[in-house]
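Enquirer: Handing you this structure, nothing more for now.
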Amino acid sequence: LFPLAVRGSEGLYMVNGPPSFTESTAFQRDSGKNCKAVGFSKDGSLFAWCNGEKVNIVNVTRAELLHSFDLPKTVCLEFSPKNNVLATWQAYATAKDGTAGVPNLQLHDLRTGKCLKSFVQKKMQNWCPCWADDESICARNVNNEVHFFENNNFNTIANKLHLQKVSDFVLSPGAQPTKVAVYVPGSKGAPSFVRLYQYPNFGGPQSALANKSFFKADKVTMLWNKKATAVLVIASTEVDKTGASYYGEQTLHYLAANGESAVVQLPKNGPIYDVAWSPNSVEFCAVYGFMPAKATVFNLKCDPVFDFGTGPRNAAYYSPHGHILVLAGFGNLRGQMEVWDVKNYKLISKPVASDSTYFSWCPDGEHIVTATCAPRLRVGNGYKIWHYTGSVLHSYEVPSDEEMWQVFWQPFLDGVFPEKAVKYQAVPSELPSAEPRPAQAYRPPALRNKPVTSSKLHEDEPPQNMKPHLGGSDKPLSKTALKNQRKHEAKKAAKQEAKADANQGPAQAKSPQNALQNAVPAMTTGDPEVDKKIKNLKKKLKAIEQLKEQAAAGKQLEKNQVEKIQKEAALLKELEDLELGV
């Protein structure tokens, strides 16, 4: 059942998933230490790897070798969605005499084993051509243009999308018609923009389905939802000019294929760590803000639906069926995971996977793998398989002199595994619970026998449902409505105060503070010019008082401040003269 591929210094092998966790006999272990590139096909039936000598392709279900290509320096490989083509990429190298290097991106026909086409692809970034799910279209970025090929005929460019400088593009998932999201970075004061087109209608800006332009973008990440109705764009700058963050600045934008676009308003300032679409395509979750980070689910109107409060987290992972959401804090955080039932917004479990560098849902929507891999961490490499209720079902740690580089599930097509009802009770496991002992905070000797006082830097915000309730007055108000409500309440309070003052009557004495406040503005001379002078003199004298207090507290005063204090007697005399003239 759903094997797991493991690549490391111990070689490349497959492990059977739950419940057996034994090494798979369907795949013969490749013990070489030079395995750099591996990959499953989209349906999980084919598996390819390069062992430093050849690129091999096997049929996983029948355990038979299909093809072997003589491409020892392959660093990346990928299958087309319907398993017709295997793309391989080797590092580009020019000849010693400076002449152009040989084509390094190969596309192989998996039925015949022949090379369909070779291209020169210098950069590793975005090396792989992108296919529509039915393989009717294939696209690649060439010199700031997007070239489209149809039905895997790579000898003829069927279409071109040419904008001033296309830096990146993403094809929509799912059935035809295929849509294309393209990103053009800004230059010379012009903003960056993302546009959505429907293939093959590329005739100028008017033919675009949607357009969103923005400043502050050195790079963008574009995420289509599963139904291809909308794209989320995370725009980020390398440097935050305000100095508030090491991570640069990020903004989140929403574009719909029907032409709507918006900036997603995030209630807390700080980096955007992760954004994930729900598989239902009508909600998305964002993890954002300075630590402790907030996590919020938004709907397609970009309104918050549920706020998970704050916590130590920087990633969000929806289960393949979309019924469970894991919020996790990996990398420089401790590995705490929060597993939520998304339909009822109830917390299922809070397991901790310390030192994890990788997380992935199993295609069955029940199990999870977390792993510690090199080169991110070179000690304690290994993986754990969990049930989402928090139980560790299997754990493997490589010997201390070995490394693990990659772990990933065999994929399956949607619909192979039915969605199961959410469980809250932890499933039984033969392994002990992975709850780490809480680290004791250091206490100086003088405080060791005294009661512990809690001193949290931040109080975590609790989760809250943001959905407007039907009927009643619990509906969250818009900013303008809130403003108006506050004004109305302030007016009401002022009226009530005035009434109370009138009821008190003149016989009741006011507090001395109030009397003083009321007495000050009453002292006028009748001459607005003189009143203005008196007001300014009082202001200067007040400033001198403050300077004298600072000097008394031991602060070194500037020369001009000392001169101000010396003028006090003259100012007092002037004020006296003006007030006597009243």
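The values are calculated or read from the model by the stated rules, or taken from the named source; none is laboratory data. Note that the structure is a prediction, hence the values are computed from the model and not measured. Positions of Cβ are generated from backbone atoms using ideal geometry, with glycine treated the same way; all protein chains shown enter the neighbour counts. The accessibility values were calculated without ligands, DNA or RNA, using every heavy atom of the protein model including side chains. Shrake-Rupley method; radii C 1.70, N 1.55, O 1.52, S 1.80 Å.
Enquirer: Can you tell me how many residues in the stretch 6-41 are within 32 Å of the chain's Cα centre (by Cα) and of a type in the set (V, I, T)?
Expert: Residues in the stretch 6-41 being within 32 Å of the chain's Cα centre (by Cα) and of a type in the set (V, I, T): 3 in total.
Enquirer: Every residue in the stretch 326-355 that is outside any strand (DSSP E or B), among the basic types (K, R) and within 17 Å of A421 (Cβ to Cβ), please.
Expert: Correct list: K343 only.
Enquirer: Could you list, in sequence order, all residues of the stretch 102-115 that are assigned to a loop (DSSP other than H, G, I, E, B) and open to solvent by 50 Å² or more (accessible area, probe 1.4 Å)?
Expert: V102, P103, R111, T112, K114
Enquirer: May I ask you to list the residues in the stretch 279-304 that are assigned to a loop (DSSP other than H, G, I, E, B) and not acidic (D, E)?
Expert: Selection gives P279, N280, S281, V282, G289, F290, M291, P292, L300, K301, C302.
Enquirer: Kindly evaluate S118 against the criterion of being part of a strand (DSSP E or B), open to solvent by 20 Å² or more (accessible area, probe 1.4 Å), more than 22 Å from E145 (Cβ to Cβ) and polar (S, T, N, Q).
Expert: no
Enquirer: Quick check: is even one residue across the stretch 356-367 of a type in the set (V, I, T), over 18 Å from the mean Cα position of the chain (by Cα) and in a loop (DSSP other than H, G, I, E, B)?
Expert: no
Enquirer: Could you please tell me which pairs satisfy a Cβ distance under 8 Å, a separation of 6+ or placement on different chains, a first residue in the stretch 35-55 that is within 18 Å of S24 (Cα to Cα), and a second residue that is among the aromatic types (F, W, Y) and part of a loop (DSSP other than H, G, I, E, B)?
Expert: G44/F412; F47/F27
Enquirer: How many residues are among the aliphatic types (A, V, I, L, M) and surrounded by 19 or more Cβ atoms within 10 Å (Cβ to Cβ) when one looks only at the stretch 370-391?
Expert: Within the stretch 370-391, the first condition is being among the aliphatic types (A, V, I, L, M), and the residues that meet it are 371, 374, 377, 379, 385.
Among the residues that remain, those that are also surrounded by 19 or more Cβ atoms within 10 Å (Cβ to Cβ) are: 371, 385.
The number of residues fulfilling the criteria is 2.
Enquirer: How many residues does the stretch 139-173 contain that are basic (K, R) and in a loop (DSSP other than H, G, I, E, B)?
Expert: 1
Enquirer: Taking A217 as the residue in question, decide whether it is in the same structural domain as T178 (by the TED database), free of Cβ contacts under 8 Å to residues at least 40 places away in the same chain, crowded, with 20+ Cβ neighbours inside 10 Å and more than 14 Å from V170 (Cα to Cα). Break it down stepwise before answering.
Expert: Numbers: in the same structural domain as T178 (by the TED database): yes; free of Cβ contacts under 8 Å to residues at least 40 places away in the same chain: yes; crowded, with 20+ Cβ neighbours inside 10 Å: yes; more than 14 Å from V170 (Cα to Cα): yes.
The answer is yes for A217.
Enquirer: Does the stretch 66-85 hold any residues that are outside any loop (DSSP other than H, G, I, E, B) and of a type in the set (D, E), and which are they?
Expert: Passing the criteria: only E78.
Enquirer: Of all residues in the stretch 291-305, which are over 18 Å from E260 (Cβ atoms) and in contact with a Pro (Cβ under 8 Å, 6 or more places away or on another chain)?
Expert: M291, P292, A293, K294, T296, V297
Enquirer: Now a separate question. Can you name the number of the only condition in (1) in contact (Cβ under 8 Å) with a residue 40 or more places away in the chain; (2) open to solvent by 40 Å² or more (accessible area, probe 1.4 Å) that S31 fails?
Expert: Going through (1) in contact (Cβ under 8 Å) with a residue 40 or more places away in the chain; (2) open to solvent by 40 Å² or more (accessible area, probe 1.4 Å) one by one, S31 breaks only (1).
Enquirer: In the stretch 249-278, what count of residues is obtained for those that are under 19 Å from S213 (Cβ atoms) and outside any strand (DSSP E or B)?
Expert: Total meeting the criteria: 7.
Enquirer: So, in the stretch 225-261, of the ones that are hydroxyl-bearing (S, T, Y) and open to solvent by 60 Å² or more (accessible area, probe 1.4 Å), which residue ends up nearest to the chain's Cα centre (by Cα)?
Expert: Step by step, filter the stretch 225-261, then rank; the result is Y247.
Enquirer: Something else: Among the candidates Q176, Q164, which residue alone is under 22 Å from E150 (Cβ atoms) and surrounded by fewer than 16 Cβ atoms within 10 Å (Cβ to Cβ)?
Expert: Just one listed residue meets the conditions, Q176.
Enquirer: Given the criterion among the polar types (S, T, N, Q) and in a loop (DSSP other than H, G, I, E, B), identify the matching residue among T88, T99.
Expert: Answer to the check: T99.
Enquirer: In addition: Please verify whether L66 is open to solvent by 40 Å² or more (accessible area, probe 1.4 Å) and farther than 21 Å from K33 by Cα, treating the condition exactly as stated. Lay out the reasoning, then the answer.
Expert: On the way: open to solvent by 40 Å² or more (accessible area, probe 1.4 Å): yes; farther than 21 Å from K33 by Cα: yes.
Here the answer is yes, as L66 does meet what is asked.
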